[in-house]
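Remarks on the structure that follows.
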Amino acid sequence: MQNDVIARDVAGKIKLSTATVRVSIRAPSPAGPAAQETLVPSPAEPQNSSVARVVIPPIAAAVVLCAIGTIGLAANDAWLVPSLGSAIFVQVMTPKEPSASLWSTLLGQLVALPAGFIAVYVCGAEHAPSFLSGHPLVPDRLLAVAVAVVITILAQRALKATCPAGGAVALLLALGTTSPTWHGLLLLFVGIVLVTILGEPCRVLILRMDRTAAD
C-alpha cells in the first residue's frame with residue numbers, strides 16, 4: 001500500500017515537471033516579435049554599395065587611361081602604351097592582390113625597362129624589324145622576348161614586386177613596338193609613373209568600399 005502511494009506521488013511530480021517544461025517552451029519571449037523585426041533587413045533597402053562596387057572600377061580605369069592619353073597629347077608624346085591597360089586593370093579589379101600595390105605596380109614595371117633594353121642589344125635585335133609594324137617575327141626578336149621575360153621575372157621576384165604589366169613592358173621593347181632608345185625608355189617610364197600615381201587612389205577607394213560593405 002505504501003509503495004502505491006509513493007508511486008502515485010512520483011508520477012504526479014513527473015507530470016508537473018513535464019507541464020512546466022511545455023509551458024516554458026511555448027511561452028513567447030517578451031521581446032520576441034519586436035526583436036525579430038529589427039534583425040530582418042527590409043527587402044526594399046537600396047543596394048547602393050553593390051552598385052557602386054560594380055560601376056566605379058571600370059569608370060576609374062577609363063578615367064585614368066584617358067587622363068594619361070590627354071597629358072600625352074598635350075606633350076605631343078605617346079605615353080599611353082598597351083602595358084598601362086594591364087596595370088590599371090590589376091589596380092581596380094583586384095585591389096587586394098599584392099601585384100596591385102603601389103610597390104608592385106611601380107617597380108614591377110620599371111624593372112622591365114632595363115630587362116627589355118638589355119635583351120634587345122644582347123640578342124642583336126636592335127636592327128631587326130619591329131614585329132608589330134607589319135613585319136614577320138624574326139629569330140632575333142623571339143630570342144630577345146625570351147631573355148627579357150626571364151630577366152623581368154627574376155628581378156620582380158628579387159624585389160617582391162610581381163606585376164603582370166611588367167611582362168607587357170618587356171615585350172614592347174623586345175618586339176620593337178617601343179624603340180629601345182633613351183627616348184623610348186623615357187616614354188615608357190613616364191607612362192608607368194603616371195598610371196601608378198593616378199591608379200593608386202582609385203585602388204585605395206575601392207578597397208575602402210570593400211571594407212565598408214564587409215562591415
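The values are calculated or read from the model by the stated rules, or taken from the named source; none is laboratory data. Values in this document were obtained by computation on a predicted structure and should not be read as measured data. Quick reminder, even Gly has a Cβ in these numbers, built from the backbone with ideal geometry, and neighbours come from all protein chains shown.
Return the only residue of Val190, Val111 being within 22 Å of the chain's Cα centre (by Cα) and buried (at least 16 other Cβ atoms within 10 Å of the Cβ).
Residue meeting the stated conditions: Val111.
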Exercise for the section: Could you check, for region 83-101, whether at least one of its residues is of a type in the set (A, V, I, L, M), without any contact (Cβ under 8 Å) to a residue 40 or more places away in the chain and at negative phi? Expected result: yes
Exercise for the section: For Val149, state whether it is surrounded by fewer than 17 Cβ atoms within 10 Å (Cβ to Cβ) and β-branched (Val, Ile, Thr). Expected result: no
Problem - Only listed residue being among the aliphatic types (A, V, I, L, M) and assigned to a helix (DSSP H, G or I), chosen from Leu84, Leu137 - result: Leu84
Fill in the blank from the handout: Expected output for region 117-138 (first residue surrounded by 12 or more Cβ atoms within 10 Å (Cβ to Cβ), partner among the charged types (D, E, K, R) and part of a loop (DSSP other than H, G, I, E, B), Cβ below 8 Å, 6+ apart or cross-chain) is Val120/Glu126
Exercise for the section: Of the numbered conditions (1) surrounded by fewer than 20 Cβ atoms within 10 Å (Cβ to Cβ); (2) at pLDDT 95 or above, Gly166 fails exactly one; give the number of that condition. Expected result: (1)
Exercise for the section: May I ask you to list the residues in region 169-186 that are in a helix (DSSP H, G or I) and either on the phi > 0 side of the Ramachandran plot or buried (at least 19 other Cβ atoms within 10 Å of the Cβ) (or both)? Expected result: Val169, Ala170, Leu171, Leu172, Leu173, Ala174, Gly184
Completion exercise
Residues in region 159-169 that are more than 9 Å from Ser83 (Cβ to Cβ) and aliphatic (A, V, I, L, M) total 2
